1. Hey, any hits in segment 135-144 for a residue that's crowded, with 19+ Cβ neighbours inside 10 Å and either in contact (Cβ under 8 Å) with a residue 24 or more places away in the chain or within 22 Å of K24 (Cβ to Cβ) (or both)?
2. Restricting to segment 117-129, and then to whatever is of a type outside the set (A, V, I, L, M) and in contact with an Asp or Glu (Cβ under 9 Å, 6 or more places away or on another chain), can you tell me which residue is most open to solvent (accessible area, probe 1.4 Å)?
3. Using the structure shown, decide if L60 is of a type outside the set (V, I, T), more than 30 Å from G178 (Cα to Cα) and touching a helix residue (DSSP H, G or I) at 6+ places or on another chain (Cβ under 6 Å).
4. Of the numbered conditions (1) in a helix (DSSP H, G or I); (2) modelled with pLDDT under 95, V172 fails exactly one; give the number of that condition.
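The values are calculated or read from the model by the stated rules, or taken from the named source; none is laboratory data. Fair warning: this is a prediction, and the values are worked out from it, not measured in the lab. As a convention, Cβ positions derive from the backbone with ideal geometry for all residues, glycine included, and neighbour counts pool all protein chains shown. The protein model used for the area step is the full one, side chains on, heavy atoms only, and it has no ligands, DNA or RNA in it. Shrake-Rupley method; radii C 1.70, N 1.55, O 1.52, S 1.80 Å.
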Amino acid sequence: MARRYDPGRRQRIIDAAIRVVGAKGIAGLSHRSVAAEADVPLGSTTYHFRTLDDLMVAALRQVNEGFAEVVAARGTLEDSRADLAAELAGLIGEWLAGDRTGVELEYELYLAALRRPALRPVAAEWIDSLVGPLSRRTDPVTARALVALLDGICLQVLLTDTPYDEGYAREVLGRILGGGGRSGAGRS
């Protein structure tokens, strides 16, 4: 039997991996589960992605693009006239207001890098994709602190199932940026 030309198969496998992780978590990800979800032969998944780490790297890269698109769509991070704390708070609010499953999936894959060294460079790319533009508005140390705070706020919202508080985020981001804050304002 002749081999069928299927140029979209690799992408379908990545999309299926994202759906599997979204539904079953990292623990549910296997070449077999992805092949079933993508409706492709098992050999196709191992042909395109020799290891599960290779597949997770591709999936994490793709979900990172979702956040990058939100950043690019706003286009104000590099505008020196814009209130950076307000822009970052709005950016995170927009991201969290989107498909929550996608945000959870992105963090699940991002945190999988703790146990899977192959994912670490991709997680670092995500951090650097934010630190780069922020470093043009502030210094590199402050830019990294802002990214760490954004990660912390997002994780707290996801883990505690509390609504995102944009005013709180704007205030604490402003404090890191040297804007101080109102005494007694925000959360305790």
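1. No: segment 135-144 contains no residue that is crowded, with 19+ Cβ neighbours inside 10 Å and either in contact (Cβ under 8 Å) with a residue 24 or more places away in the chain or within 22 Å of K24 (Cβ to Cβ) (or both).
2. My answer is P117.
3. Yes; evaluated as a whole, the condition is true for this residue.
4. (2)
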